[in-house]
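A.B. asks: Here it is, the structure, as structure tokens.
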Amino acid sequence: MSMTKETFKKALENKNIMVTKKMLDQFEKYMQLLLEWNQKMNLTAITIEEEIWEKHFYDSIVPFENLSHKTLCDVGSGAGFPGIPLKIVFPDMELTIVEPLQKRCRFLETVKEALDLKGVNIYPERAEDFVKEHRESYDVVSARAVARLSILLELCAPLVKMKGHFIALKGKQGHEELLEAQKALDILGMKLEKEDTIDVDEATRINLYMQKVKPTPNKYPRAYGQIKKKPLGGV
């Protein structure tokens, strides 16, 4: 099943997320910019409109339906997923985007301006550098398709406030990654709350919800080379 604008609106409203005409206009403008900029830089492999409604927009919003988030930090946001779709449907949310590639940040700044989004901060930085000034600052931290969980946890957990949440949007290997990241969860002060499996257009999505139960030790995150070479991981 691929989505149209109308079925996208209806599917979200079935989950008690109200979508106004203004929001739909913002999504359409976002899609137009995504497709335009994608011709000159690699932003997405998904270029069919019905698939964008489902696999980028709907897929970005659904994992967050039960969270009342005030401040959200989207790490490795790429073309803006899930951060920008969430900001459109939850306009009162404060959104911070951390994306190391300058050209993607230029695209995101263009989207922010074109959609007239307030309360959006875009940082062209790596997460391990960004955390130095923003440790334990966010109610919710999200990451979609960035790295394996044992690596991702070390980059994201230090940004989460005490009792805040980290939500990792994963593909079908999410459960396997979770098993290999047990030690990382414990070391970094995070606890798994739930694991959700959603089928989107014949693809399996596994969304992992973690809560910060104790402060992350100050020595984390390490330099990215070290994280990659020797992930915390381990059962």
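The values are calculated or read from the model by the stated rules, or taken from the named source; none is laboratory data. Since we're looking at a predicted model, the values are computed, not measured. Heads up, the Cβs are rebuilt from the backbone with ideal geometry, glycines too, and the neighbour counts pull from every protein chain shown. What goes into the accessible areas is simple: the full protein's heavy atoms, side chains included, and nothing from ligands, DNA or RNA. Shrake-Rupley method; radii C 1.70, N 1.55, O 1.52, S 1.80 Å.
A.B. asks: Can ALA168 be described as crowded, with 23+ Cβ neighbours inside 10 Å and either more than 23 Å from TYR58 (Cβ to Cβ) or of a type in the set (Phe, Trp, Tyr) (or both)? Explain how you work it out, then say what you get.
C.D. replies: Working: crowded, with 23+ Cβ neighbours inside 10 Å: yes; either more than 23 Å from TYR58 (Cβ to Cβ) or of a type in the set (Phe, Trp, Tyr) (or both): no.
So ALA168 does not fit the description; no.
A.B. asks: Scan region 197-219 and tell me whether some residue there is assigned to a loop (DSSP other than H, G, I, E, B), at pLDDT below 90 and of a type in the set (D, E, K, R). Walk me through it before giving the result.
C.D. replies: From region 197-219, those assigned to a loop (DSSP other than H, G, I, E, B) are 201-202, 213-219; that's our starting set.
Right, trim to at pLDDT below 90 and you get 201-202.
Filter again for of a type in the set (D, E, K, R), leaving 201-202.
Yes.
A.B. asks: Where residues in region 130-156 are in contact with a helix residue (DSSP H, G or I) (Cβ under 6 Å, 6 or more places away or on another chain) and in a strand (DSSP E or B), which of them is nearest to ASP186 (Cα to Cα)?
C.D. replies: VAL141
Residue-wise test of (1) in contact (Cβ under 8 Å) with a residue 60 or more places away in the chain; (2) under 30 Å from THR47 (Cβ atoms); (3) surrounded by 19 or more Cβ atoms within 10 Å (Cβ to Cβ); (4) not polar (S, T, N, Q).
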position	(1), (2), (3), (4)
GLY76	yes, yes, yes, yes
ALA79	no, yes, yes, yes
SER150	yes, no, yes, no
GLU154	yes, no, yes, yes
LEU185	no, no, yes, yes
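A.B. asks: Here is a further query. With the checklist (1) closer than 30 Å to GLU128 by Cβ; (2) open to solvent by 10 Å² or more (accessible area, probe 1.4 Å) in hand, flag the one item GLU50 doesn't pass.
C.D. replies: Evaluating GLU50 over (1) closer than 30 Å to GLU128 by Cβ; (2) open to solvent by 10 Å² or more (accessible area, probe 1.4 Å) leaves (1) as the failure.
A.B. asks: Which of the numbered conditions does GLN32 fail, given that it passes all the others? Conditions: (1) crowded, with 16+ Cβ neighbours inside 10 Å; (2) at pLDDT 95 or above.
C.D. replies: Condition (1) is where GLN32 drops out.
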